[in-house]
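The values are calculated or read from the model by the stated rules, or taken from the named source; none is laboratory data. Note that the structure is predicted; figures quoted are calculated from it, not measured. Note: ideal-geometry Cβ built from the backbone for every residue, glycine included; neighbour counts use all protein chains shown. In case anyone asks, the SASA skips ligands and DNA or RNA and just uses the protein heavy atoms, side chains included. Shrake-Rupley method; radii C 1.70, N 1.55, O 1.52, S 1.80 Å.
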Amino acid sequence: MENGCVNLTETAQSVQLLKINRFSMTKTMNKNYIESVWNVDGYEWELRLYPSFVNGCQWVALKFILLGEPRTSAGVMAEIRCRLVDPSGDLQPSEGKSVSKEFTRSGASVFFLLIKVCDVLTSGYLEDDSLTVECSITVLKELKRRITIPAKKDEVPLAMPPSDPVSYTHLDVYKRQF
């Protein structure tokens, strides 16, 4: 009989490719970030992509913000990953950044400095002045307090030993040998 596997946790995930066309022009934008809203397992997330974030030098940076309140007092466990990708497939995806975090309130956030803007120009990921960033949010769904594992239809329950001592008399010979 094969051993089964029971999932004790479940996740929900969203993966998006975010393309910045005319990357060289993003320094002249009125707004210093590009905003998008994602829904993962009923949670709203705001993603702010900063094509030219200044932190001593210019960076491509990302900020993820939980917009609503967590459904439980334990918060929302989420893993967030970001990396550069080459849409043509010539280059492997970059190493990228990731973090696992418990988001305990609305407005909780995580911030990444992905790559220096000056390094984008020589990285090979800038194609026709377009840069593509792959981002994913994976949310751990609320844990179930108790999981019942049903018997399989073809399983035969184990026989219980008899409750009367007379049925054990055949074991006396075995006991005397030791």
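Structural remarks
- 1.4 Å probe accessible area per residue over the stretch 11-140, in Å²: 54 Å²
- The gain in end-to-end length when the CYS57 to THR72 segment is fully stretched comes to 1.4 nm, 0.36 nm per residue minus the alpha carbon separation.
- Shown for the stretch 80-140: the carbon plus sulfur share of the solvent-accessible area, taken with all protein chains present and a 1.4 angstrom probe, equals 43%.
- Measuring r between the beta carbons of ASP86 and TRP38 and using R0 = 22 Å, the FRET efficiency lands at 0.45.
- Alpha-carbon geometry of the stretch 8-87: the Rg and the Dmax are 15.1, 49 Å, given in that order.
- Computed P(r) (all Cα pairs; the stretch 11-140; 5 Å bins; percent): 2, 10, 21, 23, 17, 13, 9, 4, 1, 0
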